[in-house]
Amino acid sequence: MNDISKRTYFALALAGILLFGIAAFVVRFFLYSDRWVTFSGSPHVYSSGNLNTGVVYDRSGLQLLDTEDGRTYAADSSTRRATVHLLGDREGNIPSQILSHYASTLVGYDKLSGTNHSSGTGELRLTVSAQVQAIALQALNGQKGTVGVYNYKTGEILCAVSSPSMDPDNPPQTVDDASGLYVYRMFHASYTPGSIYKLVTAQAAMETISDIETRAFTCTGSTVINGETITCPKAHGQLDFKQALASSCNCTFAHIALEVGARKLSEVSERIGVTDSFEFDGLYTKAGQFDLSGADDNALAWAGVGQYTDLVNPFQFMRYMGAVANGGSAAEPYLVAQAVNNGSVKYRAHTAMTGELIDERSAAKLQQMMRYNVEAIYGTWNFPDVQVCAKSGTAETGGGSNTATFAGFVLDSSYPLAFIVVVEEGGAGSSTCAPIAGTVLQACINLMDGER
Amino acid sequence: MEAVLEFFTDATGSASFLSIYSSVLRVAMPVLALFIVLRCAKSLLGFRREPEIWAWMRLATGELIPVTHWENVLGRKKSADIVLDFATVSKSHAVLTRHDDGSWTIRDVGARGHVQVNGRQVIETKVNYGDTLSLGGLEMTLEPISNEEALLQNLGRTKAGKGNSPGMTLVLLTLFQGMALLALSFNMGQEHLMQFLMAFGELAALEWLLFIGQKIIRRSGFELETVAFFLMTIGLCVTGTSAPGELQKQMIAACMGVALFLTIGLCLRSLDTAKKVRYVAAVFGVLLLLVNLVFGKELYGAKNWIMIGGFSFQPSELVKICFIFAGASTMERIVTKRNLILFIIYAGFVCACLAVMRDFGTALIFFSCFLVIAYLRSGSYATIALMVAVVGFGAVLAIRFFPYITARFSNWGHIWEDPLGKGYQQTKALMCAAAGGLFGLGFGNGWLKYVAAANTDLVFALTCEEGGLILAVLMVAALAVLGMFVVRSAKVGRSSFYTISACAAMSIMTVQAILNVFGTVDFLPLTGVTFPFVSNGGSSMIASWGLLAFLKACDTRQNASFAVKLSSKQRKRGKEAAA
């Protein structure tokens, strides 16, 4: 009998497995139950196919969406079109990642009492201004592209519009796949940057070449590197560093890129976040690309002027602009100001700082150079009231079409705004994008004045 | 009755009462459940294991060794029940067995030094008190336990239920049931009020009748039944919220189950009867399966149902009980007939029948139970490993070649990828389980009940949703307590027949719980296995009570179990037989 009774411990293993499994489930419950309860189609928080999270407001208190009973969007069609990428549509073609992320908070779910107290409606307040977004969308005028503006001191994103857009109350019957209507370009697209990437090369140069700011360069309109020609639209002649950036001289920056080297250029690209995907407020941004593995000198030169296989995501470049404007590091951008359930604030955004993307001295120098760009090339008349610093780009994407890019910031502590404008098939960067940037920045400034 | 109805009608119409209910009772139910499970666990797992002494073995040296089981291995090895550490004695030399009538036999188990009784070499023979036994030349005599010693022992052993009154626990359980009844009645509206009142009334009557009946025959251990009734209460809530019309059927099944429980328990009182029933049960099990194979109807994907006069019935549930009878064995047989061939063939047949019916979940339960029995009888890890390997290989082939099983496995771990298709049941289960939080939404308030098989396959999630995570965990913990109790009481077991059958019964219940719960939460593929006592289903309820009888028969605490004869009476009979 002693033998048998000892052997019964074998059977105890089964009870052990059962208890161990239950313990594992309890752990999973505490880790994931908020995701389960708000998963698409969850019976306690969804009704007629949509998440019943409550009401979404923009920064000015304008109601953008009420999720109850099949979703009620803003009354105004232009507001609906300007914000649909943030809110998602009824059919789920444009996912509402932000709402999903805050769903459990908004419905008042907590792990202790489940959905018991979830009767009250939630309120989500975004940092964007629907009015500014509508102006930006109008400025894009149906062209494919995106406009982003954010406050680099606080992190609030004021504008993140994606074009083309659609009216969720009147969705198109047929959608052209190539239009990318459902893509939120600000966060989920990546583009060949073109000359705005010269800012990165310039930063790398200032960090490696001590006399870069006093050097003289000569541009003859073309230069041969590794048997292949790199050209400028015209011969720029004698240039210094500042003028080379303002003229966006490919020949000069090709040689600077060679001198800086692949390793340093890659290091700076990684540091400023080009190759990263950022996660915030339920959004996962698309990572860019800076890959020089196996590249020859010619490829390195092209990469240094924002061509080759370079890709940047608009959001991440805007964040980089914020860091340059703010002297090296800036507030991390965000979209959701606060989430409220049943009158009590369950989430409130806090300003978090990026690491040092660029050292303070180089940032200051870059500010001066970018200000010079505006004064000498783009024209201050685009930005009458404030001191804007910028760089344009005209990225060759093959097939004869160009992506127009324009990135920069306002150097004014009252209006600490960094921005990016991207227009696909947009022709020349500055002429296409600078007026758009001017219009949107002016809208933001008016808004900020109004809020004071 | 009318007054009660009136009370409910008033109460359900009053919003303030409902809000008080939801805030207070929602928390009170899990707390009360915790007390109930803890009290049962304390009694079942905390009792002192005081051996029963049935006789004395006096060695030639004058040393007295207590004989504490009905089946005792005599030998040189340390794990022998009566250790005879002499070089001429074999490791396992002989088995000394006590019979129902109090008589003793000794059996040579193939030892080198042979066994002699009163100078005659024997293989198996009766032993009277005072007879001189000789094992490998070592002489000893079996002596009876005197009346005074027996009396002292009875007084000395702790009575079951002492310190943690089972009656009190049952009062708490009844209170818990009252709260459950209130919850269902308030949340489900007046339409089903009568059904709830009837079912919970019957449940209370059944448990108290059983308790009082056992009190009358001086049995005070009621923890095993309390655990079963606790699980049944959750079961009634689960059925009540999802299919109130089936409550009556469930209670009828419960009554039949309790009848089976009593029958098997009484039959297990006498080992001689049990050994005879063994063969009948084994044959009956085969017949049940054959009938099932021939007349089986396919319901819910498996052909394991038969229809009798409008009632659907799952014979494989009752086969579990037959299987245990077939697998249990006494020490004498275990030591002498070492091979398991017959039982392996039997188990193979049962599993093959279930595979033909495409009831792979149940087949897995039987296989696990078979492994437990095989190990208890053989003690050989190598054999078990070999069998697991062979069956595992077969399982891999089955998964590969049967599209029905492949489909289940392809979905395993990927439920969130197809939440509206193959992952529907489990994703909904998890969404709803999460919605319940720790204290639940209240029984009757859930949504999961609208999903197919919510009150059978998904009971864990349904309990999470409506009763809360705490209650759902307690439901599983209560079952685990039963398992641990069996292992704990094995040390003071009377016969290996009881120990093996109790272990087998508890492993069936535990594996069922494992497959049921882990299937729901996507730790394992969903197999459609019931949770004992909780899942809605008559056959399962009857079988669960049948299995509990085996646990009852291994409860040797003083005056604990109706399925165990009082040791004082046993000795009295022994005396009479000797005289």
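Quick notes on this one:
- Taking amide H as placed 1.01 Å from N in the peptide plane, the amide H of residue B:132 sits under 5 Å from that of B:118, each at least 5 places away or on another chain.
- C-alpha center-to-center spacing [the range B:51-74, the range A:320-375] in angstrom: 85
- Cβ charges +1 (Lys, Arg) and -1 (Asp, Glu), total dipole of the protein assembly as shown, debye: 5540
- Under 17 Å from a label point set 7 Å out along the Cα-to-Cβ vector of residue B:356, the amide N atoms of the range B:314-328 belong to B:315-317, B:319.
- Per-residue Cβ neighbour rank within 10 angstrom, fewest leading, A:412, B:100: A:412, B:100
- About its Cα centre, the dipole of chain A is roughly 700 debye, where the only charges are +1 on Lys and Arg Cβ and -1 on Asp and Glu Cβ.
- Karplus 3J(HN,Hα) series, Hz, for the range A:172-180 with 6.51 cos²θ - 1.76 cosθ + 1.60 (x for Gly, Pro): x, 6, 10, 10, 6, 4, 6, 6, x
- Ranking B:130, B:104, B:116 by how far each Cα lies toward the positive end of the dipole of the range B:86-148 (charges on Cβ) leaves B:116 at the top.
- The magnitude of the dipole of the range A:256-411, with charges of +1 and -1 set on the Cβ of Lys/Arg and Asp/Glu and taken from the Cα centre, is near 460 debye.
- Compactness check for the protein assembly as shown: Cα Rg over 2.2 N^0.38 Å is 1.29.
- Antiparallel bridges, percent of DSSP beta bridges restricted to chain B (to nearest 5): 90
- Between the residues B:540, B:214, A:250, the greatest Cα displacement towards the positive end of the dipole of the protein assembly as shown, with unit charges on the Cβ of Lys, Arg, Asp and Glu, is found for B:214.
- Chain B: DSSP helices with Cα axial extent of at least 20 Å and average Kyte-Doolittle hydropathy no lower than -1.0: B:15-46, B:166-188, B:193-216, B:223-242, B:247-269, B:271-295, B:341-356, B:360-378, B:381-401, B:469-489, B:496-520, B:538-552
- Cα-projected label distance for residue A:431 with residue B:27, points at 7 Å along beta-carbon direction, nm: 7.2
- Alpha carbon centroid spacing (whole Å) that separates the range B:86-121 from the range A:404-436: 100
- Net lengthening on full extension, residue B:269/residue B:101 (0.36 nm per residue, minus Cα-Cα): 59.3 nm
- Each DSSP beta bridge with both residues in chain A is either parallel or antiparallel, and the antiparallel ones are about 90%.
- The residues neighbouring residue A:339, those whose beta-carbon lies less than 12 Å from its own, together hold a net charge of +1 under the Lys/Arg +1, Asp/Glu -1 convention.
- Length gained on full extension, residue A:210 to residue A:297, computed as 0.36 nm times the residue gap minus the Cα-Cα distance: 29.1 nm.
- Most positive-pole-ward Cα, A:284, A:10, A:427, against dipole of chain A from beta carbon charges: A:10
- Summary value for the range A:371-452: 25 percent relative contact order, contacts being C-alpha pairs under 8 angstrom separated by 6+ residues.
- Approximating the spin labels as points 7 Å out from Cα along Cα→Cβ, the residue B:255-to-residue A:448 distance works out to 8.1 nm.
- Antiparallel %, DSSP beta bridges [both residues in the protein assembly as shown], to 5: 90
- Computed label-point distance, nm, for sites residue B:64 and residue B:131 using a 7 Å Cα→Cβ extension: 2.2
- Over chain B, DSSP H runs of length four or greater, each weighted -39,500 (n - 2.57), average out per residue to a 222 nm ellipticity of -20000 deg cm²/dmol.
- Gyration tensor verdict on the range B:395-541 (Cα atoms; rounded if a/c is under 1.5, prolate if a/b is larger than b/c, oblate otherwise): oblate
- If R0 equals 41 Å, the separation of the Cβ atoms of residue A:284 and residue A:226 corresponds to a calculated FRET efficiency of about 0.65.
- Computed from the Cβ-Cβ distance with R0 of 56 Å, the FRET efficiency linking residue A:175 to residue B:349 stands at 0.35.
- Phi angles of the range A:208-214 translate, via the Karplus equation with coefficients 6.51, -1.76, 1.60 and θ = phi - 60°, into HN-Hα couplings of 10, 9, 5, 9, 4, 6, 9 Hz per residue; Gly and Pro are given as x.
- Under 19 Å from the residue B:336 label point (7 Å along Cα→beta-carbon), backbone N, the range B:123-144: B:123-128, B:133-136
- Modelled FRET efficiency - R0 51 Å, residue B:380 with residue B:141, Cβ distances, 0.05 increments: 0.90
- Separation of the range B:122-174 and the range A:166-217, taken as the distance between their Cα centroids, equals 87 angstrom.
- Inter-chain neighbour count for B:505-511: the average number of beta-carbon atoms from partner chains within 10 Å of each residue's beta-carbon is 4.
Here, each number is a calculation from the coordinates, and none is a lab measurement. Worth saying up front: this structure is predicted, and the values here are computed from it rather than measured. Every residue, glycine among them, receives a Cβ derived from its backbone with ideal geometry; neighbour counts consider all protein chains shown.
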